[in-house]
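K.L.:
I am attaching a structure below and will ask some questions about it afterwards.
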Amino acid sequence: MIVLALVASGSDVLTESHDHAHERFLTAADTILARIPASSESNGGGAQRLTYTYESWLFHYLSQDGLTFLCCADHESGRRLPFALLSEVQKEFLATFDAPLLDSPAPSDFNPFDSKLTQLLKRFNDAPDSDPVKAAQAELAGVKDIMTKNIEQILNRGETLEFLMNRTDNAAQHSMAFRRRAVGVRRNMWWKNVKIMLLAAMLALVS
(Lines give C-alpha, C1' and ligand atoms only; values in the text may rest on other atoms or scores of the structure.)
Protein backbone atom coordinates (compact mmCIF):
# COMPACT_ATOMS: atom_id res chain seq x y z
CA MET A 1 0.00 0.00 0.00
CA ILE A 2 1.24 3.48 -0.88
CA VAL A 3 0.42 5.80 2.03
CA LEU A 4 2.01 9.11 1.01
CA ALA A 5 2.82 11.02 -2.18
CA LEU A 6 4.15 14.51 -2.69
CA VAL A 7 5.78 16.90 -5.16
CA ALA A 8 8.54 19.24 -3.99
CA SER A 9 10.76 21.95 -5.38
CA GLY A 10 14.02 21.58 -3.51
CA SER A 11 12.93 20.98 0.08
CA ASP A 12 9.67 22.93 -0.32
CA VAL A 13 6.62 20.69 -0.60
CA LEU A 14 4.27 22.02 -3.29
CA THR A 15 1.48 19.47 -3.03
CA GLU A 16 0.93 16.29 -1.04
CA SER A 17 -1.57 13.63 -0.09
CA HIS A 18 -1.22 11.07 2.68
CA ASP A 19 -3.00 8.53 4.80
CA HIS A 20 -3.50 10.32 8.13
CA ALA A 21 -2.67 7.14 10.04
CA HIS A 22 0.89 7.53 8.71
CA GLU A 23 1.29 11.28 9.12
CA ARG A 24 4.55 10.82 11.02
CA PHE A 25 6.24 9.79 7.76
CA LEU A 26 6.07 13.42 6.62
CA THR A 27 9.07 14.02 8.92
CA ALA A 28 11.01 11.29 7.15
CA ALA A 29 10.02 12.77 3.78
CA ASP A 30 11.30 16.20 4.87
CA THR A 31 14.59 14.60 5.94
CA ILE A 32 15.01 12.95 2.54
CA LEU A 33 14.09 16.09 0.60
CA ALA A 34 16.73 18.09 2.48
CA ARG A 35 19.43 15.62 1.33
CA ILE A 36 18.53 15.38 -2.37
CA PRO A 37 21.06 17.12 -4.68
CA ALA A 38 19.79 20.39 -6.13
CA SER A 39 20.35 19.25 -9.74
CA SER A 40 20.38 15.99 -11.69
CA GLU A 41 23.77 16.69 -13.26
CA SER A 42 25.28 13.75 -11.38
CA ASN A 43 22.89 11.51 -13.29
CA GLY A 44 23.72 12.91 -16.73
CA GLY A 45 20.77 15.29 -16.69
CA GLY A 46 18.24 12.43 -16.55
CA ALA A 47 15.85 11.48 -13.77
CA GLN A 48 17.41 10.30 -10.53
CA ARG A 49 15.57 7.42 -8.85
CA LEU A 50 16.37 6.24 -5.35
CA THR A 51 14.76 4.16 -2.63
CA TYR A 52 15.35 4.60 1.10
CA THR A 53 14.37 1.87 3.54
CA TYR A 54 13.03 2.45 7.02
CA GLU A 55 11.79 -0.52 9.06
CA SER A 56 9.13 -2.18 6.86
CA TRP A 57 8.61 0.93 4.74
CA LEU A 58 10.20 2.20 1.55
CA PHE A 59 10.55 5.85 0.53
CA HIS A 60 10.89 6.12 -3.24
CA TYR A 61 11.68 9.29 -5.11
CA LEU A 62 12.16 10.49 -8.66
CA SER A 63 14.06 13.78 -9.03
CA GLN A 64 14.54 15.77 -12.22
CA ASP A 65 15.01 19.44 -13.19
CA GLY A 66 14.63 20.71 -9.62
CA LEU A 67 11.40 18.82 -8.92
CA THR A 68 11.13 15.77 -6.68
CA PHE A 69 8.27 13.28 -6.75
CA LEU A 70 8.26 11.13 -3.60
CA CYS A 71 6.07 8.42 -2.14
CA CYS A 72 6.11 6.04 0.83
CA ALA A 73 4.92 2.45 0.51
CA ASP A 74 5.16 -0.86 2.36
CA HIS A 75 7.51 -3.64 1.22
CA GLU A 76 4.61 -5.63 -0.24
CA SER A 77 4.09 -2.93 -2.88
CA GLY A 78 7.49 -3.73 -4.38
CA ARG A 79 9.26 -1.02 -6.34
CA ARG A 80 7.77 -1.00 -9.80
CA LEU A 81 4.28 0.04 -8.62
CA PRO A 82 5.46 3.04 -6.52
CA PHE A 83 7.83 4.25 -9.25
CA ALA A 84 5.06 3.84 -11.82
CA LEU A 85 2.93 6.08 -9.58
CA LEU A 86 5.73 8.66 -9.39
CA SER A 87 6.12 8.69 -13.17
CA GLU A 88 2.38 9.20 -13.56
CA VAL A 89 2.40 12.00 -10.95
CA GLN A 90 5.30 13.65 -12.80
CA LYS A 91 3.46 13.41 -16.13
CA GLU A 92 0.20 14.81 -14.71
CA PHE A 93 1.95 17.57 -12.75
CA LEU A 94 3.99 18.84 -15.70
CA ALA A 95 0.93 18.71 -17.93
CA THR A 96 -1.05 20.77 -15.42
CA PHE A 97 1.38 23.58 -14.59
CA ASP A 98 3.27 25.87 -16.98
CA ALA A 99 7.07 26.20 -16.87
CA PRO A 100 7.04 29.89 -15.74
CA LEU A 101 5.05 28.91 -12.65
CA LEU A 102 7.53 26.15 -11.85
CA ASP A 103 10.45 28.61 -12.06
CA SER A 104 9.18 30.60 -9.08
CA PRO A 105 6.76 28.31 -7.27
CA ALA A 106 4.51 29.35 -4.41
CA PRO A 107 2.98 26.35 -2.56
CA SER A 108 -0.52 27.85 -2.62
CA ASP A 109 -0.47 27.78 -6.43
CA PHE A 110 -0.45 23.99 -6.37
CA ASN A 111 -3.18 23.29 -3.80
CA PRO A 112 -5.67 22.19 -6.51
CA PHE A 113 -3.33 19.30 -7.35
CA ASP A 114 -3.78 17.76 -3.87
CA SER A 115 -7.04 16.12 -4.97
CA LYS A 116 -5.35 14.77 -8.12
CA LEU A 117 -2.66 13.16 -5.97
CA THR A 118 -5.35 11.58 -3.80
CA GLN A 119 -7.05 10.17 -6.92
CA LEU A 120 -3.79 8.71 -8.22
CA LEU A 121 -3.00 7.12 -4.85
CA LYS A 122 -6.45 5.53 -4.79
CA ARG A 123 -6.12 4.27 -8.38
CA PHE A 124 -2.72 2.66 -7.82
CA ASN A 125 -3.71 1.18 -4.46
CA ASP A 126 -7.16 -0.09 -5.40
CA ALA A 127 -6.51 -1.34 -8.94
CA PRO A 128 -2.82 -2.25 -9.37
CA ASP A 129 -3.73 -4.62 -12.21
CA SER A 130 -5.71 -2.07 -14.24
CA ASP A 131 -4.54 -1.19 -17.74
CA PRO A 132 -3.42 2.40 -16.94
CA VAL A 133 -1.34 1.18 -14.00
CA LYS A 134 0.15 -1.67 -16.02
CA ALA A 135 1.03 0.78 -18.79
CA ALA A 136 2.82 3.03 -16.30
CA GLN A 137 4.71 0.03 -14.92
CA ALA A 138 5.70 -1.10 -18.41
CA GLU A 139 7.40 2.23 -19.03
CA LEU A 140 9.78 1.41 -16.17
CA ALA A 141 10.61 -2.08 -17.34
CA GLY A 142 14.02 -1.00 -18.67
CA VAL A 143 15.00 1.16 -15.71
CA LYS A 144 17.80 -0.52 -13.79
CA ASP A 145 19.48 2.44 -12.06
CA ILE A 146 17.31 2.56 -8.96
CA MET A 147 19.58 2.42 -5.92
CA THR A 148 18.47 1.45 -2.43
CA LYS A 149 19.85 2.95 0.78
CA ASN A 150 18.94 2.84 4.43
CA ILE A 151 17.48 6.14 5.57
CA GLU A 152 19.87 6.18 8.55
CA GLN A 153 22.69 6.84 6.08
CA ILE A 154 21.50 10.39 5.43
CA LEU A 155 20.98 11.42 9.04
CA ASN A 156 23.55 13.41 10.97
CA ARG A 157 25.87 11.55 13.34
CA GLY A 158 24.02 10.51 16.49
CA GLU A 159 20.66 11.35 14.95
CA THR A 160 17.94 8.78 14.39
CA LEU A 161 14.66 9.01 12.53
CA GLU A 162 12.83 8.00 15.71
CA PHE A 163 14.49 10.98 17.44
CA LEU A 164 13.37 13.35 14.68
CA MET A 165 9.82 12.03 14.80
CA ASN A 166 9.71 12.18 18.60
CA ARG A 167 11.13 15.72 18.51
CA THR A 168 8.33 16.72 16.14
CA ASP A 169 5.73 15.12 18.44
CA ASN A 170 7.29 16.73 21.53
CA ALA A 171 7.32 20.15 19.87
CA ALA A 172 3.60 19.83 19.19
CA GLN A 173 2.99 18.70 22.79
CA HIS A 174 5.07 21.58 24.22
CA SER A 175 3.16 24.02 22.03
CA MET A 176 -0.14 22.65 23.33
CA ALA A 177 1.12 22.76 26.92
CA PHE A 178 2.22 26.38 26.44
CA ARG A 179 -1.20 27.33 25.08
CA ARG A 180 -2.85 25.65 28.08
CA ARG A 181 -0.55 27.52 30.50
CA ALA A 182 -1.30 30.80 28.71
CA VAL A 183 -5.05 30.19 29.07
CA GLY A 184 -4.52 29.45 32.77
CA VAL A 185 -2.55 32.65 33.29
CA ARG A 186 -5.19 34.72 31.51
CA ARG A 187 -7.92 33.11 33.65
CA ASN A 188 -6.03 33.86 36.87
CA MET A 189 -5.44 37.48 35.80
CA TRP A 190 -9.17 37.86 35.04
CA TRP A 191 -10.16 36.63 38.50
CA LYS A 192 -7.59 38.93 40.11
CA ASN A 193 -9.05 41.90 38.23
CA VAL A 194 -12.58 40.91 39.27
CA LYS A 195 -11.53 40.72 42.94
CA ILE A 196 -9.87 44.16 42.75
CA MET A 197 -13.00 45.66 41.19
CA LEU A 198 -15.25 44.09 43.84
CA LEU A 199 -13.01 45.34 46.63
CA ALA A 200 -13.00 48.85 45.15
CA ALA A 201 -16.80 48.77 44.90
CA MET A 202 -17.14 47.69 48.56
CA LEU A 203 -14.77 50.44 49.70
CA ALA A 204 -16.76 52.99 47.72
CA LEU A 205 -20.01 51.84 49.38
CA VAL A 206 -18.47 52.01 52.88
CA SER A 207 -17.13 55.52 52.33
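The values are calculated or read from the model by the stated rules, or taken from the named source; none is laboratory data. What you are looking at is a predicted structure, and each value in this text was computed from that prediction instead of being measured. Methodologically, a virtual Cβ is constructed for each residue, glycine included, from the backbone with ideal geometry; neighbour enumeration extends over all protein chains shown.
K.L.:
Return the total of residues in segment 65-91 being basic (Lys, Arg), farther than 18 Å from Phe113 by Cα and either in contact with a strand residue (DSSP E or B) (Cβ under 7 Å, 6 or more places away or on another chain) or modelled with pLDDT of 90 or more (or both).
P.N.:
1
K.L.:
Examine segment 78-90 for a residue that is in the same structural domain as Lys134 (by TED's automatic domain parsing), of a type in the set (Val, Ile, Thr), in contact with a Phe, Trp or Tyr (Cβ under 7 Å, 6 or more places away or on another chain) and outside any strand (DSSP E or B), and state whether such a residue exists.
P.N.:
Yes, some residue in segment 78-90 is in the same structural domain as Lys134 (by TED's automatic domain parsing), of a type in the set (Val, Ile, Thr), in contact with a Phe, Trp or Tyr (Cβ under 7 Å, 6 or more places away or on another chain) and outside any strand (DSSP E or B).
K.L.:
Still on this model: Kindly indicate the residue of segment 61-89 that is free of Cβ contacts under 8 Å to residues at least 40 places away in the same chain and not hydrophobic (A, V, I, L, M, F, W, C) and also surrounded by the fewest Cβ atoms within 10 Å (Cβ to Cβ) among those meeting that condition.
P.N.:
Looking at residues that are free of Cβ contacts under 8 Å to residues at least 40 places away in the same chain and not hydrophobic (A, V, I, L, M, F, W, C), I get His75.
K.L.:
Can you tell me which of Leu94, Leu62 is more than 15 Å from Met1 (Cβ to Cβ), in contact with a helix residue (DSSP H, G or I) (Cβ under 6 Å, 6 or more places away or on another chain) and modelled with pLDDT of 90 or more?
P.N.:
Leu62
K.L.:
Out of the residues in segment 1-15 meeting the condition of being surrounded by 20 or more Cβ atoms within 10 Å (Cβ to Cβ) and within 16 Å of Asp109 (Cα to Cα), tell me which one is nearest to the chain's Cα centre (by Cα).
P.N.:
Checked segment 1-15; the qualifying residue nearest to the chain's Cα centre (by Cα) is Leu6.
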